[in-house]
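Have a look at this one before I ask anything.
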Amino acid sequence: MLNIRTYNAISPKGLDRFPKDKYQVSDQESGASAIMLRSHKLSTDEITESVTAIGRAGAGTNNVPVAYCTEKGIPVFNAPGANANAVKELVLTGMLLSCRGITNGIDYVNSLTEMTDPAEMAKHLEGEKKRFKGDEIVGKTLGVVGLGAIGSLVADMALSLGMKVIGYDPALSVDAAWRLSSQITKMENLPSLFAKADFVTLHLPVLDSTRHLINADVLGSAKKGLRLLNFAREEIVDESAVISALDKEQLGRFITDFPTPALINRADVIPMPHIGASTKEAEDNCAIMIADQLQDFLENGNIKNSVNFPLTILDRAAGTVRLAIANQNIPNTLSSILSLLGDNGINVLDMINKSREDIAYNLIDIAEVPSQEVIAAIQDQAGVINIRVIG
């Protein structure tokens, strides 16, 4: 029986993916094989010796000590794209709120508490509605910075609404490129994208290369009145540069899912309380994706959508025993392991070896369970972090 330790309220649709005859899932489990969480700030003390994997039911993993997990040979999984549609729909909401007098109009109507005659209210509002006149998005240009799972959906949505779409993503993967419409014009740099766009929406992870990517230099190139939307991460935007651009009216509106005290109660800022992925469907999708990935790792050693381990998937023949070995990415570690198996008369039926930066991961299929002495000898090999015997 495998134990899954949960933090936060995880969608039952995800938890139900674990067969009850194989797994115990609880927020009280001790000796957990894996941890599943959402926003809980996980400390290193909570990662016990029994933990072999951590799954975060969302895209970001800022609440997980990833570097520590890598040192311990623990893959950290996330759920990229599972909340993409929820964010896409909120981006559309943000664009419409930024160019139509929707919230101001609602607030104004709700302020007319002294009016009791419906006919009088209708006549009054007919005369006042020009105060809330806005613009349509059809025919406008949307700049999408980051064309991954969310950015590509946003781009397709904008095209279907009659907008022009330009995009920028210096780290675009081959898979992501295949998803993109040929109607999206690729831009070579951020200043050129900001100079042409009426709206710019950000969909990037926080990396050293993306921190404060949107700064005074980039905003200085913006088309006057540009509406900037950030539903990615707070750190991507230099807040002081945004406020300065708003004050100069270089930026027309800033729509953000990451409000701070400096941004609230400004007429040119639309702050939202970090609700980009806050839909029931997104929570279900994230939980299901993480549960499936954890189960495949625990039962087969396969790794998909890990933020610190390489993609490693190996089909497994019935009746085989699998060794899942994490090691430092240094020369001769794998050859030493294979030599040790050969010296003990253990034939390798199939295998895969992958690496990512300082970590390497191996799946080795053999015919029968090795002795404890062989397992201990593998563990003692230079560079080996941990070994699991599956099946």
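The values are calculated or read from the model by the stated rules, or taken from the named source; none is laboratory data. These numbers were taken from a predicted model, which means no experiment stands behind them. Reconstructed Cβ throughout: ideal geometry from the backbone, glycine too, with neighbour counts over all protein chains shown. Accessible surface areas use protein heavy atoms only, side chains included; no ligands, DNA or RNA. Shrake-Rupley method; radii C 1.70, N 1.55, O 1.52, S 1.80 Å.
Looking at the structure I just gave you, is V174 farther than 21 Å from R227 by Cα and surrounded by fewer than 18 Cβ atoms within 10 Å (Cβ to Cβ)?
yes
Restricting segment 241-267 to residues that are under 18 Å from the mean Cα position of the chain (by Cα) and farther than 13 Å from R227 by Cβ, which is most open to solvent (accessible area, probe 1.4 Å)?
F258
Consider segment 201-244. How many of its residues are touching a helix residue (DSSP H, G or I) at 6+ places or on another chain (Cβ under 9 Å) and in a helix (DSSP H, G or I)?
Matching residues across segment 201-244 total 8.
Please find, among L229, L204, the residue that is modelled with pLDDT under 95, open to solvent by less than 40 Å² (accessible area, probe 1.4 Å) and within 23 Å of G58 (Cα to Cα).
Residue meeting the stated conditions: L204.
Being without any contact (Cβ under 8 Å) to a residue 40 or more places away in the chain and under 22 Å from A282 (Cβ atoms) is the filter; apply it to segment 39-80 and report the residue that is most open to solvent (accessible area, probe 1.4 Å).
K41
May I pose another question? When the residues of segment 22-38 are filtered to those that are open to solvent by 50 Å² or more (accessible area, probe 1.4 Å) and among the charged types (D, E, K, R), which remaining residue is nearest to S306 (Cα to Cα)?
Restricting to residues being open to solvent by 50 Å² or more (accessible area, probe 1.4 Å) and among the charged types (D, E, K, R), the top hit is R38.
Which residue out of N302, N285 is open to solvent by less than 20 Å² (accessible area, probe 1.4 Å) and modelled with pLDDT of 95 or more?
From the options N302, N285, the qualifying one is N302.
Another one. Taking I270, is it open to solvent by 20 Å² or more (accessible area, probe 1.4 Å), among the aliphatic types (A, V, I, L, M), touching a Leu at 6+ places or on another chain (Cβ under 8 Å) and under 22 Å from N78 (Cβ atoms)?
Spelling it out, it is not the case that I270 is open to solvent by 20 Å² or more (accessible area, probe 1.4 Å), among the aliphatic types (A, V, I, L, M), touching a Leu at 6+ places or on another chain (Cβ under 8 Å) and under 22 Å from N78 (Cβ atoms).
Tell me, please, whether a residue that is out of contact with any strand residue (DSSP E or B) (no Cβ under 9 Å at 6 or more places or on another chain), open to solvent by 20 Å² or more (accessible area, probe 1.4 Å) and either under 14 Å from I390 (Cβ atoms) or among the acidic types (D, E) (or both) can be found in segment 344-354.
The answer is no; no qualifying residue exists.
While we're on this one: Within the set of pairs 6+ apart or on separate chains, which have a first residue in segment 218-229 that is of a type in the set (A, V, I, L, M), a second that is open to solvent by 10 Å² or more (accessible area, probe 1.4 Å) and assigned to a loop (DSSP other than H, G, I, E, B), and C-beta atoms under 7 Å apart?
If the second residue must be open to solvent by 10 Å² or more (accessible area, probe 1.4 Å) and assigned to a loop (DSSP other than H, G, I, E, B), the pairs left are L219/Q250; A222/Q250; L226/D198.
I want to confirm something. Restricting to segment 84-107 and keeping residues that are of a type in the set (V, I, T) and buried (at least 22 other Cβ atoms within 10 Å of the Cβ), which single residue is nearest to L228 (Cα to Cα)?
V91
Give the number of residues within segment 155-176 that are assigned to a loop (DSSP other than H, G, I, E, B) and among the small types (G, A, S).
Qualifying residue count for the region: 3.
Oh, and also: Could you count how many residues in segment 177-197 are of a type in the set (S, T, Y) and either touching a Cys at 6+ places or on another chain (Cβ under 8 Å) or in a helix (DSSP H, G or I) (or both)?
Number satisfying all stated conditions: 1.
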